[in-house]
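Beneath this line is the structure, given in structure tokens, with notes to follow.
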Amino acid sequence: MTKRIPETFPTPDPSRKRERRLAVTGATGFVGGRVLDLAEALGMGPIRALARRPQPERPGVEWVMGDLADRAALDRLCDGADAVIHIAGVVNAADKSGFDFGNVAGTANVLGAAGAKRFVQVSSLAARQPQLSMYGGSKAAADKLVQASDADWVIVRPPAVYGPGDREMLALFRLARRGLAVAPRGRLSLIHVDDLARALLALAEGGPSGVVLEIDDGRIGGYGHDEFGRLVGAGMGRRVMAIPAPPPLLHAAATLGTWAGRLTGHLPKLSRDRAAYIAHPDWVAAGGNAALAGLWAPRFDAAAGIADTIAGYRARGWL
């Protein structure tokens, strides 16, 4: 895949190369992987990255074996780091304790290891409405821990993240290829994974502190779900018919999925918890881009991001 590094990303000073040490959790995931790719391309680092399983060697990255419950591993991860980018978390769990263990206790452990360092917390727009879902509630609780800490913190609450290699939106793209889109009521903001990764790296270098940022692709007012589905279809040369998905239908589908998951022993893709926040009408980012003016700006609008995502899916044989 081509690594795009827009001019808006700060160019590292050669005299400081490799002096800014980063610690990254969630580096084996979709967003974290792009953070490592872009950091490598920019010559940033060195980087220590947390991983639960052995990983292939990559230049400038030292893998630390452990998880968010392993205090000793987190101490090794953060030792000597100038900044910590905390991406790891739980997006799907069987109950509240599962979300709290990964998102709240996990964040507390990383904060304990990080101390007063620069701390970039990757949260979610779901934290804005913690009463809607166990996931959103756990992310909001984690954010409160960050806000109460001694760290030099900034919290990023991205909206829907997509891009090449993303499996969460793959079903939506496959459905659009068949000329269909499921369209809940309401609107959402989007951000391409490369734009999010660039923002996180820029914030690890500096920028605003003590703020919660809702960043996106710059589209004021976001997108309707039906509009997004049609844009995905257009990217594949298909005209898409949007099928309305009112909250009762979403909750019914989630209930069936939950029952099926209990029989198979797997967590459902559409859980009742996830359906609760998908049904919410307003997931439009609240203007956080302005706080990063001069430091970062999104490069991908929806059309460019969708084209890039489709190319990535096809290169992997997923479409």
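Cβ-Cβ distances below 7 Å connect the following pairs, each with a first residue in region 72-86 that is on the phi < 0 side of the Ramachandran plot, a second residue that is of a type in the set (Ser, Thr, Tyr), and a separation of six or more residues or different chains: His86/Thr25; His86/Thr107. Within region 64-117, the residues that satisfy the criterion of being part of a helix (DSSP H, G or I) and among the aliphatic types (A, V, I, L, M) are Ala72, Ala73, Leu74, Leu77, Val104, Ala105, Ala108, Val110, Leu111, Ala113, Ala114.
Among residues of region 168-193 that are at positive phi and modelled with pLDDT of 95 or more, those with a beta-carbon under 7 Å from a residue that is buried (at least 18 other Cβ atoms within 10 Å of the Cβ) and not in a helix (DSSP H, G or I) at least six positions away or on a different chain give the pairs Gly179/Val240. Residues of region 288-319 that are closer than 30 Å to His251 by Cα and part of a loop (DSSP other than H, G, I, E, B): Trp318, Leu319. All conditions but one from (1) under 22 Å from the mean Cα position of the chain (by Cα); (2) more than 20 Å from Asp152 (Cβ to Cβ) apply to Ala39; the one that does not is (2). Scanning region 130-171 for residues that are more than 17 Å from the chain's Cα centre (by Cα) and of a type in the set (Gly, Ala, Ser) yields Ser133, Ala141, Ala148, Ser149, Ala151, Ala171. In this structure, Gly229 does not qualify as surrounded by fewer than 18 Cβ atoms within 10 Å (Cβ to Cβ) and of a type outside the set (A, V, I, L, M). Report yes if Leu250 is over 24 Å from Phe173 (Cβ atoms) and surrounded by 17 or more Cβ atoms within 10 Å (Cβ to Cβ), otherwise no. Against the criterion (over 24 Å from Phe173 (Cβ atoms) and surrounded by 17 or more Cβ atoms within 10 Å (Cβ to Cβ)), Leu250 does not qualify.
Quick check on region 277-285. Is at least one of its residues within 20 Å of Val156 (Cβ to Cβ), aromatic (Phe, Trp, Tyr), touching a helix residue (DSSP H, G or I) at 6+ places or on another chain (Cβ under 8 Å) and modelled with pLDDT of 95 or more? Taking every residue of region 277-285 in turn, at least one turns out to be within 20 Å of Val156 (Cβ to Cβ), aromatic (Phe, Trp, Tyr), touching a helix residue (DSSP H, G or I) at 6+ places or on another chain (Cβ under 8 Å) and modelled with pLDDT of 95 or more. Of the set (1) crowded, with 20+ Cβ neighbours inside 10 Å; (2) at pLDDT 95 or above; (3) over 18 Å from the mean Cα position of the chain (by Cα); (4) not hydrophobic (A, V, I, L, M, F, W, C), all apply to Gly32 but (3).
Identify the residue in region 162-183 that is out of contact with any Ser or Thr (no Cβ under 8 Å at 6 or more places or on another chain) and surrounded by 21 or more Cβ atoms within 10 Å (Cβ to Cβ) and, among all such residues, is farthest from Glu227 (Cα to Cα). Walk me through it before giving the result.
Kept after step one, since they are out of contact with any Ser or Thr (no Cβ under 8 Å at 6 or more places or on another chain), are these residues of region 162-183: 165, 167-168, 170-172, 174-183.
Checking the rest, the ones that are also surrounded by 21 or more Cβ atoms within 10 Å (Cβ to Cβ) come to 176, 181.
Numbers: Ala176: 12, Ala181: 9 Å.
Taking the candidates together, the pick is Ala176.
Do the conditions hold for Arg52, that is, is it surrounded by fewer than 17 Cβ atoms within 10 Å (Cβ to Cβ), basic (Lys, Arg) and in contact (Cβ under 8 Å) with a residue 12 or more places away in the chain? Yes.
Considering each of Pro208, Pro244 in turn, give the residue that is in a strand (DSSP E or B) and either modelled with pLDDT under 95 or within 16 Å of Leu292 (Cβ to Cβ) (or both). Break it down into steps so the answer makes sense when it comes.
Working: Pro208 fails: in a strand (DSSP E or B).
None of the other options fit; the residue is Pro244.
The values are calculated or read from the model by the stated rules, or taken from the named source; none is laboratory data. Here the structure is a predicted model, which means the values were calculated and not measured. Here Cβ is always computed from backbone atoms with ideal geometry, including for glycine, and neighbour counts include all displayed protein chains.
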